[in-house]
Structures are given as C-alpha cells and as structure tokens.
Amino acid sequence: MDANPTLDQLQVFLTVAETGSFSAASRVLNRAQSVVSYTIANLEAQLEVSLFERSGRQSKLTDEGRAMLEDARRIVAGLQEMRSRAKGLKQGLEAEVSLVLSTMVPAEAVVEVLREFREEFPTVSLTLNVGELGMVMEMVRSRKALIGIGGAVSQQDDGLVLEKIGHSFMVPVAAGDHALAKLHRPVTLADVREEVQMVVMDMSGLTNGRDFNVLSYKTWRVSDIATKYQLIKGGLGWGGLPASLVRTDIMNGSLKVLDLDAYELGEYPLYSLRKADTPAGPASQWLINGFEKRLSKCPDNKSFLNIVRPVPLKDAAE
C-alpha cells in the first residue's frame, strides 16, 4: 500500500527536525514525548525509511530524513495556502489592512500604489509602518502586520509565504564637499578605511552580528535610513543609501556616487511577505499586485548609474 502520511504527522516531523529533539518538539507542540515518538514511528513505518538517528537527547536527521524534509515543508505549506485561500474567499473584503514596508521600497512607488488603493478601496482602513532590515519580517511573523514588502532575511520560516515582486539596490555616496567626493578618481578601500561610515542598525535583532558592506574602521550606527541620509548629506560621513532616495541629490550634485569597487552593488530583491495561515483578501492582494507592477520595472544598478552619472568617473578624471 502506498504511503499516506497525515498533515499532523508531517507537522510533527518538521517540529522535531527544527527543534533537534523529541523532548523539545513535545514542549513546542504541547504533547507528551511518547505521543511525538509514536507519531514519528508511524510516519517512518508508512514511508519505510528511518527519518532520525536517535542518540542521546538529540535527534539527528538521517540522509533519508533530510531528503524528505523539503517534501514535507512543501506539502504543509501548500495545505496552509489552500486553507488560507478558502478562508479569504469566505471572509470577503477586509475592513482594515496592516502593511509594513522596507525603506528600500521607492517612495514614489509607495505614493502611487497607496493613491490608487484609496480610490479602489475607499472603505478599507490602512495601517502603515516603515522599517529597516529585519523589521519587516519580524512584524509579519508576529502578526503586527498582515503584509510586508521588503527584503528576505536569511532565516528560513516555513510559516511565511514569500514572493519576489521586484528589486532595489544601494549606492555608496558622500556629500559633494566630502573628502572622498573630492578625490576625482576611483575610491580605494584604503581611502574609506579611515573615513566615518554611516551604518543602520537592525532594531529587530534578526541580523545581529551581520554587517553588510561595512568597509570603514570608523562607524557611526544609527537607527534608521532617514537619519543616515541626513548625516551623509550633511557631510559627516559616507555610506550606502537606496538609489530611489538619492537620485535627485545625485543629479543636483549635493551627493556624489563613489566609484568604489569594494562596495557590492548587487541587486537587493524585494518580496511580499505574509503568514501562510493568514489569507490575502481582495484589498491585501491588490496591494501586493500593485507593488509588484511598479517594483518589477525598477532599473538595475548599471542603468541607474548611467542615468545619474553618464560620464564614468575614470574618464572624467582624465
């Protein structure tokens, strides 16, 4: 007879795999450890494979268990999505939508989407938060926001649905009268080492111990992009800022793009996030689609630099 595992068995399997032991899983699931062990034993009997190496207090996945783990995650996520969709169809139009946005989302896109949203759904209230780095994921995970638009943090969470809807990127800049901007040549790593770099702290704690494109020995750490922007524009240091935020400043010369090879200019993917067990109703789905429509058309970093800096710094210095 073909294996026919239940949703409950798969959820117990995922919990044991994530917590690393049967005892820890029993606490998370609020079940007796014997029940957890019995459930896994039944699942292994159905699949005719051993999922865990049972040694001491730890339960390590076998090779077969690791192979089955992604299948279990996909099945559970699919069922949660099905339940969520059915719930959304039953509930109809939301009375309120709570939205959290990354500061990497271009302001003009936010204004355009929300202007159309107000016209399309005049009876739906909106709660909007704007945050840095891990805050978007944290607010969605804790149900403080129904929808998030931001970058993905490298922390897997099977309880979230992530869909890539566009991209953004950071560019290294300094005020026009800053020492780095006056070099009139490509900026080296040695040039920036002793200059103050402005860095945004992740108040969510999800990226503790991880720095992105921090190159200077001297750093000033601030709580948000807006403060970082003002300090850089005031000539107190250099740093990376969202391209959409500084485009006008670069065009009028108040900020200069630093020709700094050591700074990674890779695209910053933007995702829509929501809890897998929470449906995206008509208004919520409209918002996701509205942001995708605009963010998917954002220029890449090379196109942006050609617009704001049509003559390469190397050529301009000659």
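The values are calculated or read from the model by the stated rules, or taken from the named source; none is laboratory data. Every value quoted in this text rests on a predicted model; they were computed, and no experiment measured them. For neighbour counting, all protein chains shown are included, and Cβ atoms are generated from backbone atoms with ideal geometry for every residue, glycine included. With ligands, DNA and RNA removed, areas are computed over all heavy atoms of the protein, side chains included. Shrake-Rupley method; radii C 1.70, N 1.55, O 1.52, S 1.80 Å.
Annotations for the structure displayed:
- For the range 30-65, filtered to residues that are among the charged types (D, E, K, R), part of a helix (DSSP H, G or I) and farther than 15 Å from residue 11 by Cα, the residue that is least open to solvent (accessible area, probe 1.4 Å) is 64.
- With respect to the stated conditions, residue 252 fails to be without any contact (Cβ under 8 Å) to a residue 40 or more places away in the chain and under 18 Å from the mean Cα position of the chain (by Cα).
- The residue that is least open to solvent (accessible area, probe 1.4 Å), counting only those in the range 262-314 that are part of a loop (DSSP other than H, G, I, E, B), modelled with pLDDT of 80 or more and within 21 Å of residue 245 (Cα to Cα), is 263.
- Members of the range 63-84 found to be more than 19 Å from residue 16 (Cα to Cα) and of a type in the set (Lys, Arg), listed by number: 83
- Looking only at the range 143-176, and only at residues there that are open to solvent by 50 Å² or more (accessible area, probe 1.4 Å) and small (Gly, Ala, Ser), the one that is modelled with the lowest pLDDT: 154
- Taking the range 2-29 as the range and being of a type outside the set (Val, Ile, Thr), at negative phi and outside any helix (DSSP H, G or I) as the test, the residues that pass are 2, 3, 4, 5, 21.
- For the range 10-26, the criterion of being farther than 20 Å from residue 158 by Cα, at pLDDT 85 or above and surrounded by 13 or more Cβ atoms within 10 Å (Cβ to Cβ) is satisfied by at least one residue.
- Filtering the range 176-196 to residues that are in a strand (DSSP E or B) and under 23 Å from residue 268 (Cβ atoms) leaves only 187.
- Screening the range 92-169 for strands (runs of 3 or more DSSP E) wholly inside it with 2 or more residues that are within 11 Å of the chain's Cα centre (by Cα) returns the ranges 96-102, 147-150, 160-168.
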